[in-house]
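Values in this text are rule-based calculations from the coordinates and carry no lab data. The shown structure was predicted, so the numbers you read here are calculated from the model rather than taken from an experiment. Heads up, the Cβs are rebuilt from the backbone with ideal geometry, glycines too, and the neighbour counts pull from every protein chain shown.
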Amino acid sequence: MPRVYNFSAGPSMLPEPVLNKAAAELLDYQGSGQSVMEMSHRSKVFMGIYEEAQALWREVMGIPENYKVLFLQGGASSQFAAVPMNLMTKSGKADYVLSGQFSTKAYKEAARYGDCKVVASSKDDNFSHIPALDPQEFRPDADYFHICMNNTIYGTVWNTLPDTGSVPLVADISSCILSKPIDVTKFGLLYAGAQKNVAPAGLTIVIVREDLLGEPMECTPTMFNYKVMAENDSMYNTPPCWPIYMSKLVLEWIKNDIGGLGKMEERNVRKAQLLYDFLDQSKLFQGCAEKQDRSIMNVTFVTGDKDLDAKFVAESTAAGFVNLKGHRSVGGMRASIYNAMPEEGIQKLVDFMAKFEAENK
Ligand SMILES: *Cc1c(COP(=O)(O)O)cnc(C)c1O
């Protein structure tokens, strides 16, 4: 069967050259006579993969010396607890912006460990935009300020970062990591699950400024302790070896095949523009996110008729465009068009949508 165009929000498509490389090395990694899946994480050969992956993360994302790159497990959702446990330790306060379901989950989890404040929310508008901020609401003594950069379910993104002064900015970048250049120095901590733009599920990336690696709360499980993980090169226990290796291949693809994150962004903007331009002229389909906050990774849209939405999802699936159904909490459709989705996949989807529109006037 030919490969489908997979618009899944995550786990999602991986670049074909990466899958081919992994397949070619599957049984015998570079003359070691073993698969990466079978290696001891302490072996010289795996340590080589780890070191290369670390160096590539730093190079491709431009991560400065005074930040640690941690390879953890438990998904972005574990960081909803690990962030407060490690960082909410001075005033015991943290500020949160609610821009969707994941930031709300992050806030609820953190509120179990300290004094969390919602400084803005767009819940009343069904999270169709990034909420407006009133800096008067920010607490200058907060231990950190949390945002979710790209709202996977609603298809919105922060284009302008909040100015939090000396309060460290913490961002969940699960669904936009590696999609464009990010100025890491603007953040105290960044975290992401790997399964959207980086690697198969199982790896969680945490990029944290070294001065924030203090003493976590007494209740913090050792596995959640950033300092312990940093001191042990993320190998306090067995790390997610295979996704670390796959992240290395994806970073090599971005660096060598694409030409870096600047080029990646150009490609992603072109892809998203194709789809948004179609939605903006369509008489059947409408985009859900407000224009100024539209995501280039997750594009949400509806026909305005639930039955027609269902018909579209069924027919598109049969035509080889899979996982276009919107998140169960919002309905409609969502095209997740991460780095690995080729431009041709979007063009073919747009052609299919135009045909569907003509047939369903
Ligand atoms: C997918 C996603 C999560 C959840 O990630 P897990 O790794 O499944 O815990 C959290 N935040 C955002 C923004 C996401 O897109």
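Before moving on, here are some points about what is shown:
- About the Cα centre, charge dipole magnitude for the stretch 196-265 (Lys/Arg +1, Asp/Glu -1 at Cβ), debye: 320
- S166/S77 FRET efficiency (R0 35 Å; Cβ-Cβ; nearest 0.05): 0.80
- Fewest-first ordering of S43, S166 by other beta carbons within 10 Å of each residue's beta carbon gives S166, S43.
- Counting neighbouring beta carbons within 10 Å and listing from fewest to most, the residues C241, C176 come out as C241, C176.
- You can think of it this way: the chain between D28 and N256 has 79.8 nm of extra reach, that is 0.36 nm per residue less the Cα-Cα gap.
- Neighbour counting of Cβ atoms within 10 Å sorts the residues V170, V97, V322, fewest neighbours leading, into V322, V97, V170.
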